[in-house]
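Written out below as structure tokens is the structure these notes cover.
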Amino acid sequence: MINQHILKELESIVGKGDILTEKEDRICYSYDATTLKFLPDAILFPENAMEISRILKIANREKIPVFPRGAGSGFSGGSLPVKGGIVLATSKMDLILELDEENLTIVVEPGVVTERLQKFVESRRLFYPPDPASLKFSTIGGNIAECAGGPRAVKYGVTKDYVLGLEVVLPTGEILSTGVKTVKSVAGYDLTKLMVGSEGTLGIITKAILKLIPLPETKNTLLVLFKNIDNAAVAVKNIIKAKIIPSTLEFMDSSTIKCIEEYLHLGLPKETGALLLIEVDGFREAVEIEKNKISEVCKSLNPLDIKIAVDPQEQEKLWEARRAVSPAIGKLSPSKINEDITVPRNKIPEMLRKTYKIADDFKLNIVCFGHAGDGNIHVNIMTDRENKEEMERVEKAVKRLFSETLELGGTISGEHGIGLTKAPYLKMELGEIGYSTMKKIKELFDPNNILNPGKMFL
Ligand SMILES: Cc1cc2nc3c(=O)[nH]c(=O)nc-3n(C[C@H](O)[C@H](O)[C@H](O)COP(=O)(O)OP(=O)(O)OC[C@H]3O[C@@H](n4cnc5c(N)ncnc54)[C@H](O)[C@@H]3O)c2cc1C
């Protein structure tokens, strides 16, 4: 517990209204999307980098752990206060500071919600592509810390491709500026890239310079239903072979489709074994050509149905199924373990077969969907965290899942990060030298291990 004297000192930094210590408030900041729970001692709501710097100096002096938190929507337990201490919430730092339409950059504070930023720039016909499915509530700080990706990653890349510079408060309280507004900069090590995806273990992001691009003129959406996942996979391969990079290329397996159908009653044919949701964007003429080519590729593989949407309302309807995935599958069990393995995209069918075998071997209910364009498979193990015996099987299944993913040349996390839940497996992917090099970087930045301890490294 943090003693009263220190709490008073922290209160003098943020102000009386911006520190919470009551149990009911602490419970609200004890969990994230993993549904794991750890109670913090206090929650602070700083308003700027200077306040955060002062907080971190005290935390260092007193060896109090500090856990940065955006919206708490993380799927790997990154923001959980696993050792008590302080949750440092960024919700009061939510200003859009500067839009530069000549250099196509924008400067924002970390607490800005992703969708707010996107709507703001789109109203000026500019585009910030990273689109995690959580964009209605996740924050830019959380997106940068996790290097969030989304359906558009296949064409536009992920968060790291749009971060030009950062202001970061280091664990020792010093304030670091990285990067510049230009696309080119090779002055020394790329500290910006080091911070992106560092999951709040190396510093607290207090400002970000982001790159923007022009908003595509138009987009078309195609929903293609196949009898089986193999045909869907061939379609993905052939679309790319036809030299088309769609802006999204999403898939769902038969179990996910069944859940969606039960949830939304969309009237999808019973025999649907796989579904692709494909979007192309750009100049009108190019979009037309690409849409037709994709349609031809899919038709040659005997789809059950192809629906094409050109206007925004119809497109929204086709996206309905994709957006309903989380709530629809959430009805299957009290909790779910959501892994986000990623393999080279031509290995998706093989990885799915391996995953279903794991489900059989460990008698688990697993549903899969994800981003076919970039090989990112969301493997959802539908379970009950309270069932100890089942959780033991889940743990073994996850280990085998990761091991088979790595054998296929993949990664244990495409976008959710390592955080708490994947920390035991990080070494499997990095090896001894990779792991110890990263740990040394953490020790260099955070000698007292006060910032997000217990995350990434065991
Ligand atoms: C329904 C749903 C759908 C999702 N879909 C996607 C998806 O498509 N793609 C994807 O990538 N993720 C997805 N996620 C996961 C999650 O939304 C992302 O990881 C997101 O980037 C987290 O943002 P947040 O603001 O909630 O961060 P939090 O969960 O609060 O924190 C995440 C990590 O960032 C750190 N952090 C937060 N703010 C800062 C800061 N200012 N400085 C330093 N560190 C900080 C925290 O300590 C923690 O380690 C999804 C989650 C849900 C619940």
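Residues in the stretch 55-76 that are more than 8 Å from the ligand (Cβ to nearest atom) and farther than 15 Å from residue 171 by Cα: none.
Taking the condition part of a loop (DSSP other than H, G, I, E, B), away from the ligand (no atom under 13 Å from the Cβ) and at negative phi, does residue 172 pass?
Yes.
Answer yes if at least one residue in the stretch 354-361 is in contact with a Cys (Cβ under 7 Å, 6 or more places away or on another chain), more than 16 Å from the ligand (Cβ to nearest atom) and touching a residue at least 40 places away in the same chain (Cβ under 8 Å), and no otherwise. Scanning the stretch 354-361 turns up at least one residue that is in contact with a Cys (Cβ under 7 Å, 6 or more places away or on another chain), more than 16 Å from the ligand (Cβ to nearest atom) and touching a residue at least 40 places away in the same chain (Cβ under 8 Å).
Within the stretch 148-163, the set of residues being modelled with pLDDT of 95 or more, buried (at least 22 other Cβ atoms within 10 Å of the Cβ) and within 28 Å of residue 87 (Cα to Cα) comprises 148, 149, 158, 159, 162, 163. Figure legend. Inter-residue proximity from the stretch 146-159: first residues within 16 Å of residue 287 (Cβ to Cβ) and of a type in the set (Phe, Trp, Tyr), second residues outside any helix (DSSP H, G or I) and near the ligand (Cβ under 10 Å from one of its atoms), beta-carbon distance below 8 Å, spacing 6+ or different chains. Indicated pairs: 156/130. Counting the residues of the stretch 346-398 that are surrounded by fewer than 16 Cβ atoms within 10 Å (Cβ to Cβ) and assigned to a strand (DSSP E or B) gives 1. Among residues of the stretch 34-54 being polar (S, T, N, Q) and surrounded by 19 or more Cβ atoms within 10 Å (Cβ to Cβ), the one that is nearest to the ligand (Cβ to nearest atom) is 34.
Considering only the stretch 403-411, I want to know if a residue exists there that is in contact with a strand residue (DSSP E or B) (Cβ under 9 Å, 6 or more places away or on another chain) and assigned to a loop (DSSP other than H, G, I, E, B). Yes, there is a match, as at least one residue in the stretch 403-411 is in contact with a strand residue (DSSP E or B) (Cβ under 9 Å, 6 or more places away or on another chain) and assigned to a loop (DSSP other than H, G, I, E, B).
Selection of strands (runs of 3 or more DSSP E) fully inside the stretch 62-152 by the criterion of at least 1 residues being within 27 Å of residue 42 (Cα to Cα) returns 66-69, 86-89, 105-108. Being closer than 13 Å to residue 339 by Cα, within 19 Å of the chain's Cα centre (by Cα) and either away from the ligand (no atom under 16 Å from the Cβ) or among the basic types (Lys, Arg) (or both): is that true of residue 369 here? It is false that residue 369 is closer than 13 Å to residue 339 by Cα, within 19 Å of the chain's Cα centre (by Cα) and either away from the ligand (no atom under 16 Å from the Cβ) or among the basic types (Lys, Arg) (or both). For the stretch 276-292, give me each residue that is surrounded by fewer than 24 Cβ atoms within 10 Å (Cβ to Cβ) and either of a type in the set (Val, Ile, Thr) or touching a Cys at 6+ places or on another chain (Cβ under 9 Å) (or both). Of everything in the stretch 276-292, those that are surrounded by fewer than 24 Cβ atoms within 10 Å (Cβ to Cβ) and either of a type in the set (Val, Ile, Thr) or touching a Cys at 6+ places or on another chain (Cβ under 9 Å) (or both) turn out to be 287, 289. When residue 108 is tested against the conditions (1) in contact with a Lys or Arg (Cβ under 6 Å, 6 or more places away or on another chain); (2) surrounded by 24 or more Cβ atoms within 10 Å (Cβ to Cβ); (3) under 30 Å from residue 282 (Cα atoms), the lone failure is (1). Candidates are the residues of the stretch 237-275 that are of a type in the set (D, E, K, R) and closer than 21 Å to residue 352 by Cβ; the one that is surrounded by the fewest Cβ atoms within 10 Å (Cβ to Cβ) is 270. None of 192, 201, 178 is of a type outside the set (A, V, I, L, M), in contact with a strand residue (DSSP E or B) (Cβ under 9 Å, 6 or more places away or on another chain), assigned to a strand (DSSP E or B) and within 15 Å of the ligand (Cβ to nearest atom) except 178. Condition first: more than 15 Å from residue 68 (Cα to Cα) and surrounded by 13 or more Cβ atoms within 10 Å (Cβ to Cβ). Now tell me which residues in the stretch 21-32 satisfy that. Correct list: 21, 25. Here the stretch 258-317 is the region considered, the condition is being among the acidic types (Asp, Glu) and assigned to a strand (DSSP E or B), and the residue that is farthest from residue 248 (Cα to Cα) is 305.
The values are calculated or read from the model by the stated rules, or taken from the named source; none is laboratory data. None of these values were measured; they are calculated from a predicted model. Note that we place each Cβ from the backbone using ideal geometry, even for glycine, and neighbour counts take in every protein chain shown.
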